[in-house]
1. Which shape class applies to the range 31-201: rounded if a/c is under 1.5, otherwise prolate when a/b exceeds b/c and oblate if not, where a ≥ b ≥ c are the square roots of the Cα gyration tensor eigenvalues?
2. Points 7 angstrom from Cα along the Cβ direction at Thr133 and Lys94: gap in nanometres?
3. Taking the mean number of other Cβ atoms within 10 Å as a proxy for protection, how do you rank 127-138, 179-190 from highest to lowest?
4. Could you calculate the contour length gain from Ala140 to Asp115, that is, 0.36 nm times the residue separation minus the distance between their Cα atoms, to one decimal place in nm?
5. Which part of the range 174-188 falls in the paramagnetic zone of Asn157, meaning amide N under 18 Å from the point 7 Å along Cα-to-beta-carbon?
6. If you stretched the chain out fully between Tyr107 and Phe190, how much longer would it get, using 0.36 nm times the residue separation minus the C-alpha to C-alpha distance?
7. Report Rg/Rh for the range 101-199, rounded to two decimals, where Rg is the Cα radius of gyration and Rh the Kirkwood radius.
8. Per 0.36 nm of contour for each residue apart, how much would the distance between Asp29 and Ala86 grow if the chain were fully extended, relative to their Cα-Cα spacing?
Amino acid sequence: MRILIALSVVLSLTTGCSNIDRLIYAGWDRDSWQQPDRVLRELGLREGDRVADLGAGGGYFTFRLAGTVGRTGRVYAVDVDQGMVAYLAAAAAKQGISQVETVLAAYDNPRLPEDGVDLIFVCDTYHHLAERTAYFERAARYLRPGGRVAVIDYNGNGWFAKHFGHYTPRDVILQEMQSAGYRLERSYDFIDRQSFLVFGRLVK
């Protein structure tokens with residue numbers, strides 16, 4: 001832990017905060033423990049789908065999602081950090097990935113397009129949101145018919161959650177999303193240190 005803190009300090013002095021943010025979002029050995037390829041398979045996205053990557057950060061899932069929905073789809077890389085949004089826009093342009101569109105969100109509104117999305121994807125971000133029930137109650141207006149919300153968040157296991165408190169217990173996510181007007185459709189347990197829950201809108 002001391003080594004990681006020292007490394008963060010050195011990097012912040014030599015590379016700047018934006019680079020530090022991207023390193024943190026990428027994580028250490030994230031491919032092996034978060035299993036992004038399996039996450040995408042379980043989501044069952046199709047070519048042409050429209051996805052909002054809420055809290056896109058450095059684009060860890062953004063560009064993977066873009067590959068899944070293809071050129072006819074759209075991925076909205078949503079973040080409240082203007083520096084990260086600018087970085088993602090430049091990265092998408094450099095790679096020629098035209099289906100990625102960046103969105104500078106408000107803290108209480110993802111500011112998605114009025115014609116909506118098929119999936120709101122929330123990875124490692126849920127615990128950062130304030131007044132989550134009200135947030136997702138409002139966000140429902142951006143979901144197309146049959147649209148879903150996928151939440152992946154730390155569950156309290158592992159050193160990161162225990163030392164920094166960046167997690168939300170699974171039962172809390174379930175209660176908040178139900179109060180916001182959603183029902184649990186799928187639950188996965190293959191990410192040891194995180195909950196992976198998929199919700200649909202309750203039928204009124």
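Every number in this text was worked out from the coordinates using simple rules, so none of it is lab data. Only a predicted model underlies this, so the values are computations on that prediction, with no experimental measurement involved. Backbone-built Cβ (ideal geometry, glycine too); neighbour counts: all protein chains shown.
1. Values: a/c = 1.40, a/b = 1.25, b/c = 1.12.
Taking the square roots of the gyration eigenvalues as a ≥ b ≥ c, the range 31-201 is rounded.
2. According to this spin-label approximation, the distance is 4.4 nm.
3. On the way: 127-138: 16.1, 179-190: 14.3.
Output ranking for 127-138, 179-190: 127-138, 179-190.
4. Details: separation 25, 0.36 × 25 = 9.00 nm, distance 1.22 nm.
Here the segment from Ala140 to Asp115 would lengthen by 7.8 nm.
5. 174, 187-188
6. Details: separation 83, 0.36 × 83 = 29.88 nm, distance 3.02 nm.
This chain segment gains 26.9 nm when fully extended.
7. Numbers: Rg = 13.5 Å, Rh = 14.0 Å.
Answer for the range 101-199: 0.96.
8. Details: separation 57, 0.36 × 57 = 20.52 nm, distance 2.53 nm.
Going from the current span to full extension adds 18.0 nm.
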